[in-house]
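> One structure, pasted below without further comment.
The values are calculated or read from the model by the stated rules, or taken from the named source; none is laboratory data. No experiment lies behind these values; they were computed from the predicted model shown. Please note: Cβ atoms are built from the backbone with ideal geometry, for glycine as well, and neighbour counts cover all protein chains shown.
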Amino acid sequence: MKKSTIWFLTITMVLTFIGLIYVQFLYMSSMVRMRNDQFDENVSRSLYAVSVMLEQIEAKHFLEENLAGVEDFKAVKTTGSGEGVATSFTTQTGITGNLTLEGTQSQISQIKSSTQPILAKNGSSLEADKLHGKYLYQRGLLDEVILKIISQSSQRPIVQRADSALVRSLLHSELANNGIDIPFDFAVTNRFHTMIYRTQGFPIASAKSLRDNPDVYSTVLFPNDPSTRINYLSVFFPTRRNYIFSSIKFMIPSMMFTFIMLLIFIYAIMTAFKQKKINEMKTDFINNMTHELKTPISSISLAGQMLADPAVRKSETMMKHVSDVINDDTRRLRFLVETVLQMSLYYQQEQVLNLTDVNANEAISSIAHNFKLKVEKYGGKLSTNLSAPQSRVEVDEMHFTNVIFNLLDNAVKYRRKDVPIQLSISTSNPAPNKLRIEITDNGIGIKRDDLSKIFDKFYRVSTGNRHDVKGFGLGLSYVKKMVGDFRGDITVESEPGIGTRFMITLPLLTGNDDKE
């Protein structure tokens, strides 16, 4: 599949998933907003009903108080013209009064008949005339009761006018009637929002905090009171948010599944790009390997043709030269094949390491001695500083040798043409139980963007494609994996045009006390 096609599918699918998640988010937001508005409306309706009921209860209180104070009640019918009904009464305080209802006999009869069902509904067993008179009397007292409510009600303590038990009962009833059946706490405050009384769970906060708290709802109690004696009823719902979001809980799994699908898709696309990159690296690997193997094969073939010439066979000098060419190129060919086989076995997890006690200083000294000739061939110099007092490590000696050799070989491959090679190897003990091996060169260096990728399989930096630099992109990957198997760690520091330094840290054997 072409790279452009993969990118097109990726962008299309990502936009589709983003759009789907966005639509779900809008739906959830709309649901929450609608649920919140509905909740606010139901609470406001309930609080208003509680406030009205408290006013009605107070009016009933004053009405009953006045009716209870009547000592004498007598209904007197007019005679003669039949133009009205007169009533006289006396209260406990000695106040007397008269109430006259003017009207024709038929109109009064209609009033009488209309009051009987109301009074009968309340369980009254008085005779019709007495009930009629009482009704008229109560009508007469209405003005007095209203005057008392206006002049005296606000003087009563709010704890009596809005008893906490009564308020709780009314709130519970009205909230349930409006479909709200969740825990609540309440408080009564004055016009400065100072607490007069509150239930245990109601939050203690400043007036501004209460106003800004979305979980607290307030209404005015007895709004007809003077402004200086205004009180408020506030209700707090501790589980309001859970109640609001309970209506959209079914959407959360849907969004989670969509998000998981998006992550899986992104992972699949990343894997596709990675596989495509690996395929490109494998192609580059095959090309490099073909070119790398072609050189020694051509040299061996040419040497074989030279041996067929009788003149060459008669010259000892030519025979030695041809023999050296065959031996060198055969050794080079064997090394290339072994490198590929080692990597193949390792990545198939079939390789068994032969871990032994190795003196790293001695092993590195031997490797440096054999490699020094190759460095000097290019006019360079290889120096060693194997000064680590403790250097015994548990490694596979063959693979440990290959690791050091690979790093040295890379330093020679990626040398600067205008500067002689300067290679150094040193050992130290940064900690009592650690051995550090540093390999430093003055080569072309590695760009910062490539530093995190140089240990990837088949990866080669851009300068690695030069015709004078051969390789498969396997060396540093092999080094990284083997150091990890030795329970060690490898890091790299590099500056383009200055050089590179590899640092390998390995654990020392217990009881290591070498003295060099």
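> Just the residues that are of a type outside the set (D, E, K, R) and part of a helix (DSSP H, G or I), please, taken from the stretch 406-438.
Scanning the stretch 406-438 gives 406, 407, 408, 410, 411, 412.
> Let me ask another. Please specify each residue of the stretch 219-242 satisfying the condition of being closer than 12 Å to residue 190 by Cβ and either of a type in the set (Val, Ile, Thr) or within 47 Å of the chain's Cα centre (by Cα) (or both).
Passing the criteria: 220, 221, 228, 230, 231, 232, 233, 234.
> Take residue 263 and decide whether it is free of Cβ contacts under 8 Å to residues at least 60 places away in the same chain, assigned to a helix (DSSP H, G or I) and surrounded by 14 or more Cβ atoms within 10 Å (Cβ to Cβ).
It is false that residue 263 is free of Cβ contacts under 8 Å to residues at least 60 places away in the same chain, assigned to a helix (DSSP H, G or I) and surrounded by 14 or more Cβ atoms within 10 Å (Cβ to Cβ).
> So, one more: Restricting to the stretch 193-241, give me the number of residues that are without any contact (Cβ under 8 Å) to a residue 24 or more places away in the chain and either under 24 Å from residue 38 (Cβ atoms) or charged (D, E, K, R) (or both).
6
> Kindly provide the set of residues from the stretch 192-205 that are part of a loop (DSSP other than H, G, I, E, B) and either of a type in the set (A, V, I, L, M, F, W, C) or loosely packed, with under 14 Cβ neighbours inside 10 Å (or both), ordered by number.
Hits for the stretch 192-205 are 192, 194, 200, 201, 202, 204, 205.
> Determine which member of the set 357, 329 is assigned to a helix (DSSP H, G or I) and at pLDDT 75 or above.
One residue alone meets the criteria, 329.
> Here's a follow-up. Enumerate the pairs (first residue in the stretch 410-423 and more than 14 Å from residue 377 (Cβ to Cβ); second residue anywhere and surrounded by fewer than 20 Cβ atoms within 10 Å (Cβ to Cβ) and hydroxyl-bearing (Ser, Thr, Tyr)) with beta-carbon separation below 7 Å, excluding pairs fewer than 6 apart on the same chain, so at least 6 apart or on different chains.
Close Cβ pairs (under 7 Å, with a partner that is surrounded by fewer than 20 Cβ atoms within 10 Å (Cβ to Cβ) and hydroxyl-bearing (Ser, Thr, Tyr)) amount to 414/463.
> Right, another one. Restrict the check to the stretch 189-196 and report whether at least one residue is touching a strand residue (DSSP E or B) at 6+ places or on another chain (Cβ under 7 Å), polar (S, T, N, Q) and at pLDDT 80 or above.
Yes, that holds for at least one residue.
> With the requirement that a residue be aliphatic (A, V, I, L, M) and at pLDDT 85 or above, what does the stretch 435-454 give you?
As a first pass, look at the stretch 435-454 and keep what is aliphatic (A, V, I, L, M): 435, 437, 439, 444, 446, 451, 454.
Result: 435, 437, 439, 444, 446.
> Looking at the stretch 25-79, which of the residues that are among the β-branched types (Val, Ile, Thr), farther than 30 Å from residue 186 by Cβ and touching a strand residue (DSSP E or B) at 6+ places or on another chain (Cβ under 9 Å) is modelled with the highest pLDDT?
Restricting to residues being among the β-branched types (Val, Ile, Thr), farther than 30 Å from residue 186 by Cβ and touching a strand residue (DSSP E or B) at 6+ places or on another chain (Cβ under 9 Å), the top hit is 70.
The rows are residues; the columns are (1) of a type in the set (A, V, I, L, M, F, W, C); (2) crowded, with 20+ Cβ neighbours inside 10 Å.
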{"residue": "353", "(1), (2)": "yes, no"}
{"residue": "361", "(1), (2)": "no, yes"}
{"residue": "378", "(1), (2)": "no, no"}
{"residue": "384", "(1), (2)": "no, no"}
{"residue": "389", "(1), (2)": "no, no"}
{"residue": "400", "(1), (2)": "yes, yes"}
{"residue": "423", "(1), (2)": "yes, yes"}
{"residue": "429", "(1), (2)": "no, no"}
{"residue": "432", "(1), (2)": "no, no"}
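> Filtering the stretch 240-255 down to residues that are among the basic types (Lys, Arg) and surrounded by 12 or more Cβ atoms within 10 Å (Cβ to Cβ), which residue is farthest from residue 25 (Cα to Cα)?
Across the stretch 240-255, the extreme among qualifying residues is 240.
> Moving to a separate point now. Quick one: in the stretch 243-284, of everything that is farther than 24 Å from residue 18 by Cα and of a type in the set (S, T, N, Q), which residue is farthest from the chain's Cα centre (by Cα)?
Once the filter is applied, the top-ranked residue is 283.
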